[in-house]
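Engineer: Before we start, here is the structure in question, set down as structure tokens.
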Amino acid sequence: MIQHKLAAQLFTVRNELKQDYIYTLRELGKMGWQAVQIDGLHGNDPVEIAAVVKELGMKTAGMHVGLERMRNDLDNVLREADLFGTPDIICHSLPDEHKNAAGYEFVRQELRSVSAIVSPRGYRVGFHNHDWEFHTMMGEQYALQYLLDYDEQAPVYAEIDTYWVKKAGHDPLSVISQYAGRMPILHFKDMTDDGREYFAEVGSGTIDFMPILQWGEANGVEFYAVEQDYCPGSPMDSLEQSLRYLQGLVAQPG
């Protein structure tokens, strides 16, 4: 069953979490999500939140963490990863000052430094892309490829986001295919088909997810995290629409 690999990225419901984190988790559980991806605790006790996730029978598909926190609060980051039962700590974004050649050199060095510390202990450091990592070239590579260059001693794992790849003008499957065996978590995010190129519920836009899902199953993807940065109505309704589409997709024969 692939359904247990479908995870709700909690950035989608960040406003709901700020109002009532535990209630929102319970509603996601009722909806049918079997995993979540953590994106901030909004002042809540990680022990309490992790206990609720466990109580609901959910898995944790990694934690999104800022680079600054990886560098300066690593012990607490790892403590939270242990509480949530995940080895994956993923750099979710970069500040504007790092979106240039010198910045990407710094970021690669820092991610590898963190990886060198935590990889021997069983953790995995990852990087989540946006479109801007395709706007800078590092030699003959896009900045994204440069950041994800394989280093056996300090690996940085890919967390490719389908929407942002397409936003940058590239084919998601072609980019994803560069990271076979190196992408435990893949971000499912769709793009509107109305010319706006905006965020859309999975299955309602321009991205064909079936071949991406098939590739993921053949190449070591452990979770498919569904994220929608902004929703036209209720983010909970958007997550439910995406989930129902993916449930139908994975139920198809073959």
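Engineer: Among the listed residues Val52, Val47, Val77, identify the single one that is modelled with pLDDT of 95 or more, β-branched (Val, Ile, Thr) and under 19 Å from the mean Cα position of the chain (by Cα).
Structural biologist: Val77
Engineer: What number of residues in the stretch 20-50 are outside any loop (DSSP other than H, G, I, E, B), over 27 Å from Gln247 (Cβ atoms) and either open to solvent by less than 10 Å² (accessible area, probe 1.4 Å) or not charged (D, E, K, R) (or both)?
Structural biologist: Of the residues in the stretch 20-50, 2 are outside any loop (DSSP other than H, G, I, E, B), over 27 Å from Gln247 (Cβ atoms) and either open to solvent by less than 10 Å² (accessible area, probe 1.4 Å) or not charged (D, E, K, R) (or both).
Engineer: Of the conditions (1) in contact with a helix residue (DSSP H, G or I) (Cβ under 8 Å, 6 or more places away or on another chain); (2) closer than 26 Å to Tyr142 by Cα; (3) among the aliphatic types (A, V, I, L, M); (4) not in a helix (DSSP H, G or I), Met70 fails just one. Which one is it?
Structural biologist: (4)
Engineer: Which condition does Lys166 not pass, out of (1) closer than 17 Å to Trp132 by Cα; (2) open to solvent by less than 60 Å² (accessible area, probe 1.4 Å); (3) touching a strand residue (DSSP E or B) at 6+ places or on another chain (Cβ under 6 Å); (4) not in a strand (DSSP E or B), if it passes all the others?
Structural biologist: Just one mismatch for Lys166, condition (2).
Engineer: Report, by residue number, each residue of the stretch 177-207 that is among the β-branched types (Val, Ile, Thr) and surrounded by fewer than 21 Cβ atoms within 10 Å (Cβ to Cβ).
Structural biologist: Thr192, Thr206
Engineer: Going by what's in this entry, would Tyr157 be described as at pLDDT 95 or above, in a strand (DSSP E or B) and open to solvent by 40 Å² or more (accessible area, probe 1.4 Å)?
Structural biologist: It is true that Tyr157 is at pLDDT 95 or above, in a strand (DSSP E or B) and open to solvent by 40 Å² or more (accessible area, probe 1.4 Å).
Engineer: For the stretch 78-90, does any single residue satisfy the condition of being open to solvent by less than 20 Å² (accessible area, probe 1.4 Å), within 18 Å of Glu222 (Cβ to Cβ) and touching a His at 6+ places or on another chain (Cβ under 8 Å)?
Structural biologist: Yes - at least one qualifying residue is present in the stretch 78-90.
Engineer: Continuing with this model, one more query. Say whether the condition of being in contact with a Ser or Thr (Cβ under 8 Å, 6 or more places away or on another chain) and assigned to a loop (DSSP other than H, G, I, E, B) is met by at least one residue in the stretch 233-252.
Structural biologist: no
Engineer: Being open to solvent by 10 Å² or more (accessible area, probe 1.4 Å), part of a loop (DSSP other than H, G, I, E, B) and within 22 Å of Phe223 (Cβ to Cβ) is the filter here, so list the residues in the stretch 107-154 that pass it.
Structural biologist: Residues satisfying the conditions are Gly122, Tyr123, His130, Tyr150.
Engineer: On to the next question. Kindly evaluate Leu249 against the criterion of being farther than 27 Å from Val114 by Cα and under 18 Å from the mean Cα position of the chain (by Cα).
Structural biologist: Considered against the rule, which asks whether it is farther than 27 Å from Val114 by Cα and under 18 Å from the mean Cα position of the chain (by Cα), Leu249 comes out as no.
Engineer: Now, a different point. Only one of these conditions is not met by Met210: (1) among the hydrophobic types (A, V, I, L, M, F, W, C); (2) open to solvent by 40 Å² or more (accessible area, probe 1.4 Å); (3) under 26 Å from Ile89 (Cβ atoms). Which number is it?
Structural biologist: (3)
Engineer: Looking only at the stretch 95-117, decide whether some residue is more than 18 Å from Arg182 (Cβ to Cβ), at pLDDT below 95 and among the charged types (D, E, K, R).
Structural biologist: Yes, some residue in the stretch 95-117 is more than 18 Å from Arg182 (Cβ to Cβ), at pLDDT below 95 and among the charged types (D, E, K, R).
Engineer: Under 8 Å between Cβ atoms, at least 6 apart or on separate chains: pull out the pairs that start in the stretch 84-106 with a residue that is farther than 30 Å from Lys54 by Cα and end on any residue that is of a type in the set (Asp, Glu) and open to solvent by 40 Å² or more (accessible area, probe 1.4 Å).
Structural biologist: Every condition considered, the pairs that remain are Gly103/Glu97.
The values are calculated or read from the model by the stated rules, or taken from the named source; none is laboratory data. For clarity, every value in this text was computed on a predicted model and none was experimentally measured. Cβ coordinates were reconstructed from backbone atoms using ideal geometry, including for glycine residues, and neighbour counts include every protein chain displayed. The area values use the complete protein model at the heavy-atom level, side chains included, leaving out ligands, DNA and RNA. Shrake-Rupley method; radii C 1.70, N 1.55, O 1.52, S 1.80 Å.
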